Amino acid sequence: MEKHSFELNYKSYGSEAELNEQDAELLSMAREVAKKAYAPYSGFSVGSAVLLANGQIVTGNNQENAAYPSGICAERVAMFYASSQFPGVKALKVAVTAFSNRVPVSAPVAPCGSCRQVLSEYEKLYGHDIELILQGDQGVIYVLDNVRTLLPMAFTSDDLG
Ligand code: THU
């Protein structure tokens, strides 16, 4: 028997004032687009901004549905839109923020499992790390250097042969 482990490293910042200008701008765009989310069922509005290698920034928000599972997260709306408009262009950074009409969102919002899977697909496809910049409705920000470490032992195209 052998034991194995994974390690997750991330940086935390007290507020956007501590971020570099580019990351602060991405987060601010994510915050703006969260205001346009369609989230009548959860009251939890999420915004995401994707910085591409060509300098374009693509934003998206969560889109819910009366048939709950038909809704989709902000990260996938933004990432799929980026890939559909700019195929072949690497994603460099993804910012995510959220606010709720019920409770304060004081902890940074981390992408759900399906979004981790989708983001890691593009990270692997382009062979380039995607930095994640995560915040709640204000305050502390987590920055992760890549998606890979957020989804250990992932199912990837390698498994399909
Ligand atoms: N949601 C996102 O858009 N991104 C996340 O990272 C977490 C959750 C959305 C899905 C749903 O519309 C609402 O937030 C509550 O789960």
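Can you tell me which residue in the range 5-62 is farthest from the ligand (Cβ to nearest atom), limited to those that are assigned to a loop (DSSP other than H, G, I, E, B) and buried (at least 18 other Cβ atoms within 10 Å of the Cβ)?
Going through the range 5-62, the residues assigned to a loop (DSSP other than H, G, I, E, B) turn out to be 5-10, 14-15, 19-20, 35-37, 39-43, 53-56, 62.
Restricting the remaining residues to those that are buried (at least 18 other Cβ atoms within 10 Å of the Cβ) gives 19, 37, 39, 62.
On the way: Leu19: 19, Ala37: 8, Ala39: 5, Asn62: 3 Å.
Per the stated criteria, the residue is Leu19.
Applying the selection to the range 43-77, what residues are free of Cβ contacts under 8 Å to residues at least 24 places away in the same chain and of a type in the set (Gly, Ala, Ser)?
Gly55, Ala67, Ser70
Within the range 108-128, take every residue that is small (Gly, Ala, Ser) and part of a loop (DSSP other than H, G, I, E, B) and give me the one that is nearest to the ligand (Cβ to nearest atom).
Our first condition is that a residue be small (Gly, Ala, Ser); within the range 108-128, this holds for 110, 113-114, 120, 127.
Cutting the leftovers down to part of a loop (DSSP other than H, G, I, E, B) gives us 110, 127.
Values: Ala110: 7, Gly127: 24 Å.
Ranking the candidates gives Ala110 first.
Counting only residues that are among the polar types (S, T, N, Q), within 18 Å of Cys115 (Cα to Cα) and free of Cβ contacts under 8 Å to residues at least 60 places away in the same chain, how many does the range 80-99 have?
2
Whether any residue in the range 32-41 is of a type in the set (A, V, I, L, M) and without any contact (Cβ under 8 Å) to a residue 12 or more places away in the chain is what I want to check.
Going through the range 32-41, the residues of a type in the set (A, V, I, L, M) turn out to be 33-34, 37, 39.
Now narrow it down to the ones that are without any contact (Cβ under 8 Å) to a residue 12 or more places away in the chain: none.
The answer is no, given that none of the residues of the range 32-41 is of a type in the set (A, V, I, L, M) and without any contact (Cβ under 8 Å) to a residue 12 or more places away in the chain.
Counting only residues that are assigned to a helix (DSSP H, G or I) and within 13 Å of the ligand (Cβ to nearest atom), which one in the range 76-98 is surrounded by the most Cβ atoms within 10 Å (Cβ to Cβ)?
Taking the range 76-98 and keeping what is assigned to a helix (DSSP H, G or I), we get 76-85.
After this cut, where a residue has to be within 13 Å of the ligand (Cβ to nearest atom) as well, the list is 76-80.
On the way: Arg76: 20, Val77: 22, Ala78: 28, Met79: 24, Phe80: 16.
Top of the filtered list is Ala78.
Exactly one condition in (1) of a type in the set (Val, Ile, Thr); (2) farther than 21 Å from Leu52 by Cβ; (3) within 12 Å of the ligand (Cβ to nearest atom); (4) not in a loop (DSSP other than H, G, I, E, B) is false for Val105; which is it?
So Val105 meets the others, but not (4).
What do you reckon, is Gln63 polar (S, T, N, Q), closer than 19 Å to Gln117 by Cβ, touching a helix residue (DSSP H, G or I) at 6+ places or on another chain (Cβ under 8 Å) and at pLDDT 95 or above? Let's see the steps before the verdict.
Working: polar (S, T, N, Q): yes; closer than 19 Å to Gln117 by Cβ: yes; touching a helix residue (DSSP H, G or I) at 6+ places or on another chain (Cβ under 8 Å): yes; at pLDDT 95 or above: yes.
When the stated conditions are applied, Gln63 passes them.
Report, by residue number, each residue of the range 129-161 that is of a type in the set (Ser, Thr, Tyr), more than 17 Å from the chain's Cα centre (by Cα) and not in a loop (DSSP other than H, G, I, E, B). Before the answer, list the steps.
Going residue by residue through the range 129-161, those that are of a type in the set (Ser, Thr, Tyr) are 142, 149, 156-157.
Pick out the ones that are also more than 17 Å from the chain's Cα centre (by Cα) and you get 156-157.
The one that is of a type in the set (Ser, Thr, Tyr), more than 17 Å from the chain's Cα centre (by Cα) and not in a loop (DSSP other than H, G, I, E, B): Ser157.
The values are calculated or read from the model by the stated rules, or taken from the named source; none is laboratory data. Just so we're clear, the structure is a prediction, and the values are computed from it rather than from any experiment. Here Cβ is always computed from backbone atoms with ideal geometry, including for glycine, and neighbour counts include all displayed protein chains.
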